[in-house]
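Inspection log for the structure reproduced underneath, given as structure tokens.
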Amino acid sequence: MKIERNVIQQMIRQAEQDAPLETCGYLLGQDGTVTENYPMTNTDHSAEHFSFDAREQFAALRYARGKGLAILANWHSHPASPSRPSAEDLRLANDPSISYAILSLHNGICLNSFRILNGEVVEKETHLRVVL
């Protein structure tokens, strides 16, 4: 999956703005290239986990379809931990057709995406790594 630079910049701004809470959203695009970030509300308002609002999920799907895009990934931030799936992230990753991206603000900025199948990471891609 390729993520356009402007989308990564939007994700970083969103994560920094919402820190110390986790933030989240969908990554939209086509043919394996992400062209849009669709910000979502973390209804858990937590620094350690997130949940999507069901109405926002349906709105995102309608928006994507209306623009001829697909949801290629869901993403969330880890304000104070590395860019790797937690046990909860692995447990809740129930759609093997999309990627799960994690943007870490811990010790720099790192954006990785993961394919997860049956609670196990089967593929990892690094999209950005800036170590402080």
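The values are calculated or read from the model by the stated rules, or taken from the named source; none is laboratory data. Here the structure is a predicted model, which means the values were calculated and not measured. Note: ideal-geometry Cβ built from the backbone for every residue, glycine included; neighbour counts use all protein chains shown. Heads up: the accessible areas ignore ligands, DNA and RNA and are worked out on the full protein's heavy atoms, side chains in. Shrake-Rupley method; radii C 1.70, N 1.55, O 1.52, S 1.80 Å.
Remarks
- Any hit, the range 81-97, residues being over 16 Å from PHE50 (Cβ atoms) and among the small types (Gly, Ala, Ser): yes
- Wholly enclosed helices (runs of 4 or more DSSP H) of the range 1-118 bearing at least 1 residues of a type in the set (Gly, Ala, Ser), touching a residue at least 12 places away in the same chain (Cβ under 8 Å) and open to solvent by less than 70 Å² (accessible area, probe 1.4 Å): 5-18, 54-66
- Residues located in the range 53-77, provided they are within 13 Å of the chain's Cα centre (by Cα) and more than 27 Å from GLY108 (Cβ to Cβ): ILE71
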